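Here the structure is laid out as structure tokens; the discussion comes afterwards.
The values are calculated or read from the model by the stated rules, or taken from the named source; none is laboratory data. Note that this is a predicted model, so its numbers are computed, not measured. FYI the Cβ positions are ideal-geometry reconstructions off the backbone, even for glycines, and counts take in every protein chain you see.
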Amino acid sequence: MAFISCDDDNGPQYESGNLITWDVVTTDIPVGRALIDKNEELNLACSTGKSIGIKSSYILDGKVSQNVLGNPDGDVSLTYSKTPVTEHLNGWSYGKTAAYWELGAKYTFNAYYPMDITKNGNDITTSDNSPFVIRHNAKYNQEDLMMTYATVNTESNSFSTSSPVVLKMQHMLSALTFRFSFQNRDNTTFAATDTLTAFSLKNTESNKGIYTYGKLEFGIYNTDGTLDGDSIHWTNISGAVSPGEKIYEWTGISPMTSTNGTVQTGGVLDYAIPYSSGNYSDNDTFILLIPQEIDGTTQVCYQLKSTDNTEHSFILPNVTYLPGKRYHYDIHISSTDIEVSLTIADWNKRYSSVIITP
């Protein structure tokens with residue numbers, strides 16, 4: 001089968017051969033928040049300047065070859081177009097380098113988004129334990145990180161050069177959001193309106209609490225040499241953030257009103273939500289965190305206009321943050337106490353699927 005060249009001089013030059021085509025699954029998996037420009041679908045993000053990167057290796061004649069997709073780094077990029085040329089399946093097309101099947105080979109594909117994630121302390125390597133390792137700095141990279149794994153055996157009876165490689169992209173990070181309101185349950189003289197002016201997270205002990213720089217091994221070799229390609233394993237690289245250092249610090253103005261219904265606009269409660277403006281506003285008030293276990297040594301710190309911006313704090317309840325999950329914290333302030341509830345949802349759901357009250 002022959003393939004013609006793209007009209008775009010910057011696009012890949014297609015040759016005669018068995019072109020590898022792709023299908024990126026974005027309908028039944030969590031694909032939403034934190035993609036650029038608040039897009040809800042990965043294809044929209046990849047049609048507005050972002051790309052999926054793909055590394056690959058194969059076994060051919062008993063020998064393992066790395067970086068087999070044609071360019072010096074072994075990576076190719078996939079972009080998306082609403083009006084694709086005929087060679088590109090479902091709108092997904094190559095950047096500058098197209099890839100073709102080597103018949104007789106057993107392929108392993110590792111795809112990752114965004115392709116330009118190697119910045120601000122991030123790098124991608126391999127190890128004896130995993131074919132795909134990324135060191136990720138979530139403190140400086142507040143951007144969705146997605147990966148997937150696929151294998152294709154071209155010697156299989158079910159293999160067809162016309163069948164696409166299916167990439168089922170998965171979220172590698174956790175997403176957190178916090179919102180404040182007044183309980184005002186006793187209906188006393190306690191103020192029914194206030195303004196949240198600052199927010200941050202802060203560890204209280206050395207080498208404990210939240211860490212922001214981690215190593216992800218995506219895919220782990222079993223003791224028998226087989227590959228568990230779906231394994232997601234995060235570890236701390238440099239120790240938890242030092243005690244007293246503020247993490248995900250935010251300063252701004254965010255008003256809130258009482259939950260007793262007396263001071264509301266149009267009957268709708270006004271929550272004070274950090275990151276509604278400023279550094280993290282592009283993430284729709286979510287902060288992105290490396291999945292990890294929180295052990296009761298991290299504080300939630302906040303300031304209110306009514307108390308002259310005095311810093312208040314409480315301990316973040318124990319929880320294990322998992323990849324592909326959203327964690328919604330509701331913080332209700334009364335004249336005598338604070339009530340914290342945690343709602344957990346899959347990344348593709350706007351509303352909660354599990355509610356936990358610490």
(request) Collect the residues in segment 124-138 that are surrounded by fewer than 17 Cβ atoms within 10 Å (Cβ to Cβ) and assigned to a loop (DSSP other than H, G, I, E, B), keeping them in residue-number order. (result) Thr126, Ser127, Asp128, Asn129
(request) Output the residue which, of all residues in segment 287-327 that are among the polar types (S, T, N, Q) and part of a helix (DSSP H, G or I), is modelled with the highest pLDDT. (result) Thr307
(message) Consider segment 311-350. How many of its residues are touching a Phe, Trp or Tyr at 6+ places or on another chain (Cβ under 8 Å) and of a type in the set (Lys, Arg)?
(response) 2
(request) Please enumerate the residues belonging to segment 220-237 that are over 14 Å from Phe132 (Cβ atoms) and surrounded by 12 or more Cβ atoms within 10 Å (Cβ to Cβ). (result) Asn236, Ile237
(request) With the checklist (1) under 25 Å from Ser242 (Cα atoms); (2) part of a strand (DSSP E or B) in hand, flag the one item Asp330 doesn't pass. (result) (1)
(message) Checking the condition at pLDDT 85 or above, surrounded by 15 or more Cβ atoms within 10 Å (Cβ to Cβ), under 12 Å from Ser130 (Cβ atoms) and acidic (Asp, Glu), which residue from Glu249, Glu217 passes?
(response) Glu217
(request) Restrict the check to segment 181-188 and report whether at least one residue is in the same structural domain as Val76 (by TED's automatic domain parsing), in contact (Cβ under 8 Å) with a residue 40 or more places away in the chain and assigned to a loop (DSSP other than H, G, I, E, B). (result) no
